[in-house]
Every structure is written in structure tokens, then in C-alpha cells.
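**Student:** Please find one structure pasted underneath; my questions will follow.
Please treat every number below as a calculation from the coordinates, not as lab data. Keep in mind the model is a prediction, meaning the values are calculated, not measured. Positions of Cβ are generated from backbone atoms using ideal geometry, with glycine treated the same way; all protein chains shown enter the neighbour counts.
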Amino acid sequence: MSRKTALITGFVLAYEGGAGFAMAVELHRQGIRVFATARSLESMTKLRDLGIEILQMDVTVPSTVQSVRAAIEQLTGGTLDILVNNAGMSTSPPPHPLSHLTDNPQVYEAAAIEDTTEQAKALFAVNLFGVMEVTQAFAPLLVASSRNHIAQKTGFYPRVIQIGSQAAVVPVPFYSAYHASKAALSMYGNVLRIEMESFGVKVVTVLMGRVTTKIVRERKNLPEGSLYTPIKDLYEGTIQEIFPSDNQMSTEVFAKRLIPKILTKKPSAFIWIAGNPWTAWALDTFFPRAWDSFFKRFVRLDKVGEAFRKEIAGKSS
């Protein structure tokens, strides 16, 4: 058969040092014909220089998804072996909708009861609905590839790789919308895996931990009158303490460890990688309520509770 083909999506795929960039380079190094997509062709010149084919696509714009599908159908003869749903967003939603394309995108956060549906929708548009849009568009190409591999008895199964996050199971306070979007992505992958098995298409969910990115966190201000004002000073330092930069896997190491796992003939349904995956898995599986006490102490939500009770006591006296 001809070279295997892979399509990688991703808003921040193209910047050198990003996880998507590293995956594209490693797949290319492994002899895969790689199609890389991003919103801007200019941002992918380094990938093009490496011999990787680049296409313009925004996963939140269906017309661009269909255009890329048509292009790849023509380039490959109507098949696709590997779809990597890498497009994801953990950064500031509107009023800064393009913040995830800047040199230093800002991590997004808000208390669950002080969030807005507009902000949550911005995250879900990319992290879930964009993935669904792309997967539905390219499923026929994956199934066509499966027919060829079965007919030629290659032993290879076309596959969808969902680049998810351990955020799907770790309930970090003030990130409810982001974590919910990743949990939804994981469940979508679970159902998709069962449904696509009949057609010889594998679905792999990658639960990624701490990998070095350009996402930074500047000072965040609680809204006026927030119920969490008692921990206002602690709030601005939360993300650095929970995810210290010195405990992150480089994108190069991430890609070199991940790609062989997703290229194996029979890949695992779940791949936990980077950060402390076994700790996250064990707590989520056997001691899910352990997160409650850990984050309550770590983020000092106990201080919020104390202030709340004191307020009630003061009004009662």
C-alpha cells in the first residue's frame, strides 16, 4: 500500500514548540504523510518547510472543514488512515475570541456559579462541537481506508485520536467549563469507539497531563461582590501552584512517547500521558471524593466556608 496518511487539526498547531507541531513532526519522521491544519497558512510555514502538507481550516467553521475534506479526498483518492483531533482551547473566550492565537494566550478561569454561558459556549465550540464536526466529515474517508486495509489484509486499523486532557477527571476549582468540555470530549470518544468498531476504525482517547505550552496566566480579578472574595489573594496564584512549570513534559518528549502508541496495530482505547497520570487515574477510579478534600485545602475553600458562617453568625447575634 501507499504511505499512511494523517490529518491533524489544531488552532495552535503551527507554532513551533506546541504539542500539535511536535506530533506533526514526529508522524512525518515516522514516514506518515501528514496534513496539518490551522486557521492561518502563514503560521504553518515551518511545517511546510519540513515537507508537511498544510491546509487552512477552522474547526468551528463547517465550510472550511468541508473544503479540507474535499481537498484530502482528491489528494489521497478518498481515504484517510489517521485523524488526530488536536484542536482545543483553554484560553480566554470572548471578548477576546482570538486570544488563543496570540504569542501568549491567557488561560481561562471562572467560578462555576459566576461564569457566563457565552464563555462556556466558546470553549465547547472548539473542544467538543469542533471535534464532532471534523469527525463526522472525515468518517467516510476513514471507513474507506478500513475497507482497503481489510481487503489487502494489512492488519492496520484506521483510527481517530482524540487529544483530550486529564482535566476530564480532575476537578480543579474555577475551571468548571473547561473541565466539563474535556469530560464531554472523553465521553464522545467512548461512544464513538463503540460505534466505529464495527467498521474497523479504532478510537483512542489521549488523556494528556502537564505538557509545556505557551499558555500563561496573568493576574485574574474576581468579579465585584464575588462569594469567593475571602480567598481573593490566593486566587491569583492558584494555577502556578497547582501546575508548576518545572513539572511539565516537553512537547518533543510528549510526541516521541505518544506517536508509537497510536501507530501500533492495536492501540489502547485510553492513553494517559504526562503529569501524574497514575495518580489521576487511581483517584478518579477508586477515591473520587479525595479531590474534594484536597482542593478544599489547597485552594483554601475552607476559608470561604468559615467567612460564610461568620457572616451568618454576625447577622444572627
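**Student:** Lysines near LYS266 by alpha-carbon distance under 20 Å, same-chain residues fewer than 8 away left out - which ones?
**Tutor:** The reachable lysines, counting only those whose Cα sits under 20 Å from LYS266, are LYS4, LYS153, LYS202, LYS256.
**Student:** Something else: Run the simple label-point estimate for THR116 and SER63 please: 7 Å along Cα→C-beta, distance reported in nm.
**Tutor:** About 2.7 nm separates the two model spin labels.
**Student:** Oh, and also: Please list 200-211, 70-81 highest first by mean number of surrounding beta-carbon atoms within 10 Å per residue.
**Tutor:** Packing proxy ranking, top to bottom: 200-211, 70-81.
**Student:** Arrange the following residues from fewest to most other Cβ atoms within 10 Å of their Cβ: HIS28, HIS179.
**Tutor:** Lowest to highest Cβ neighbour count: HIS28, HIS179.
**Student:** So who's got an amide H within less than 5 Å of the one on LYS202, skipping anything under 5 residues away but keeping other chains? H placed 1.01 Å off N, in plane.
**Tutor:** Excluding prolines and chain starts, which carry no amide H, the hits are ARG159, VAL160.
**Student:** Give the peptides 53-59, 304-310 in descending order of average Cβ contacts within 10 Å, highest first.
**Tutor:** 53-59, 304-310
**Student:** Using alpha-carbon pairs under 8 Å, 6+ residues apart, how would you state the relative contact order of region 110-221 in percent?
**Tutor:** It comes to 32 percent, rounded to a whole number.
**Student:** Order these by the 10 Å Cβ neighbour count, fewest first: GLU42, GLU224.
**Tutor:** Ascending Cβ contact count within 10 Å gives the list GLU224, GLU42.
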